[in-house]
Amino acid sequence: MIDLRSDTVTCPSPAMRRAMAEAEVGDDVYGEDPTVNRLEALAAGMLGMEAAVFVASGTMGNLVSLLAHCGRGQEAIVGDEAHIFHYEVGSASALGGIVFHPVPTSADGTLAVDAIAAAIRPSANRYNLYHYAPPGVICLENTHNRCGGTVLDPAYFAEVAALAAQHGLPIHLDGARLFNAAVARGVPPTAWTRHVTSVQVCLSKGLAAPVGSIIAGPASFVDRARGMRKSVGGGMRQAGVLAGPGIIALTDMVGRLEEDHVNARLLAEGLSAVPGIQLDSSRVETNIVVFNVQDPAEADRLAAAARAEGLLISPFGPGRLRAVTHYGITADDCRRAVEILRQM
Ligand SMILES: Cc1ncc(COP(=O)(O)O)c(C=O)c1O
């Protein structure tokens with residue numbers, strides 16, 4: 001099977017499996033797991049943040065971050081195509097009483113700064129007492145999953161940061177694939193993180209760790225996030241067996257993301273030449289390829305037919321499909337995927 005459904009299907013490398021077996025461990029809820037402590041210090045340094053905490057997943061990282069930023073009844077201003085809004089079970093609302101305030105997402109994954117400004121409504125002033133839920137946090141996503149792995153400009157982050165500072169609001173970055181953005185642009189992740197308050201980064205996608213995400217930010221934020229992690233059942237004990245591969249994800253696997261980007265471009269160029277597929281391959285910057293077929297009803301049928309030929313891709317909305325390159329996918333796999341879809 002050529003599995004292009006997601007980079008979440010990656011399996012740990014042999015070095016990661018060794019790290020799991022050999023990890024020095026302790027009780028992390030007491031702060032005594034040396035491997036977890038090493039991972040958190042390493043990640044905080046790479047992300048240019050004061051502190052970091054290891055969590056079970058990207059979804060947990062985003063949830064715990066929002067819980068740490070917002071009280072019940074506060075708004076999270078979020079793109080209407082954001083992973084946080086679409087795919088995280090509404091957990092910030094369900095568990096934290098946080099109100100999502102969605103704003104339109106542009107094709108490149110940005111939210112118009114004017115639209116964010118309009119979403120920051122006065123919480124209680126002389127003329128407008130207590131109509132609105134007060135704003136609590138602005139959420140951005142980079143790379144942007146539903147927009148096709150687009151990379152947002154650091155300059156755009158600076159603009160949103162200026163607006164956020166004007167209103168005293170924190171920014172949370174869903175940086176599930178922030179290292180893909182960094183590799184694609186040839187800059188460190190701090191190019192973006194210097195403009196935000198907190199960030200969530202997945203170790204388990206293209207970086208191939210079996211489990212886990214990092215959230216990072218100021219020490220006071222990370223302290224609150226640790227408490228929230230515990231309250232959603234995410235206080236892990238001898239978690240060094242998971243942090244060990246997480247360290248390898250950060251030290252050994254970042255560089256290889258370039259290979260995924262090259263393969264994604266190869267895939268995109270091949271697909272864009274297939275009659276019936278609509279795709280602008282020049283917009284593929286990282287490891288996600290989103291494409292359209294003419295008939296909106298066709299996406300599900302095409303994905304099912306491809307499966308029968310040994311290719312897994314994800315239906316991604318009416319007439320849309322998504323293919324993601326990752327650790328374990330070769331250039332030949334991408335050529336074969338194009339051939340399978342061309343035959344269809
Ligand atoms: C942009 C983005 N954020 C968050 C997540 C959630 O990560 P996890 O699957 O580890 O919960 C994903 C997962 O695909 C994602 O693409």
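The set of residues from the stretch 73-89 being away from the ligand (no atom under 16 Å from the Cβ) and either surrounded by 14 or more Cβ atoms within 10 Å (Cβ to Cβ) or aliphatic (A, V, I, L, M) (or both) comprises 74, 75, 77. Of the residues contained in the stretch 264-272, one or more are found to be open to solvent by less than 70 Å² (accessible area, probe 1.4 Å), part of a helix (DSSP H, G or I) and under 30 Å from residue 42 (Cβ atoms).
Looking at the stretch 112-214, the helices (runs of 4 or more DSSP H) lying wholly inside it that each contain 2 or more residues that are within 11 Å of the ligand (Cβ to nearest atom) sit at 178-185.
Please go through the stretch 296-326 and give me each residue that is over 21 Å from residue 150 (Cβ atoms) and touching a residue at least 60 places away in the same chain (Cβ under 8 Å), ordered by number. Residues satisfying the conditions are 310, 311, 312.
For every residue, the table says whether it meets (1) open to solvent by 10 Å² or more (accessible area, probe 1.4 Å); (2) within 15 Å of the chain's Cα centre (by Cα); (3) within 20 Å of residue 106 (Cα to Cα).
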{"residue": "144", "(1), (2), (3)": "no, yes, yes"}
{"residue": "149", "(1), (2), (3)": "no, yes, yes"}
{"residue": "158", "(1), (2), (3)": "yes, no, yes"}
{"residue": "167", "(1), (2), (3)": "yes, no, no"}
{"residue": "174", "(1), (2), (3)": "no, yes, yes"}
{"residue": "188", "(1), (2), (3)": "yes, no, no"}
{"residue": "200", "(1), (2), (3)": "no, yes, no"}
{"residue": "206", "(1), (2), (3)": "no, yes, no"}
{"residue": "215", "(1), (2), (3)": "no, yes, no"}
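Here residue 247 fulfils each of the conditions (1) at pLDDT 95 or above; (2) on the phi > 0 side of the Ramachandran plot apart from (2).
Among the residues making up the stretch 90-105, a single one is of a type in the set (A, V, I, L, M, F, W, C), more than 16 Å from the ligand (Cβ to nearest atom) and outside any strand (DSSP E or B): 98. Of the numbered criteria (1) open to solvent by 70 Å² or more (accessible area, probe 1.4 Å); (2) in a strand (DSSP E or B), the one residue 290 fails is (1). Taking the stretch 90-102 as the search range and keeping residues that are touching a residue at least 24 places away in the same chain (Cβ under 8 Å) and surrounded by fewer than 21 Cβ atoms within 10 Å (Cβ to Cβ), which one is farthest from the chain's Cα centre (by Cα)? It comes out as 97.
The values are calculated or read from the model by the stated rules, or taken from the named source; none is laboratory data. Just so we're clear, the structure is a prediction, and the values are computed from it rather than from any experiment. Every residue, glycine among them, receives a Cβ derived from its backbone with ideal geometry; neighbour counts consider all protein chains shown. Each accessible area value is taken on the protein alone, full model and side chains, heavy atoms only, with ligands, DNA and RNA left out. Shrake-Rupley method; radii C 1.70, N 1.55, O 1.52, S 1.80 Å.
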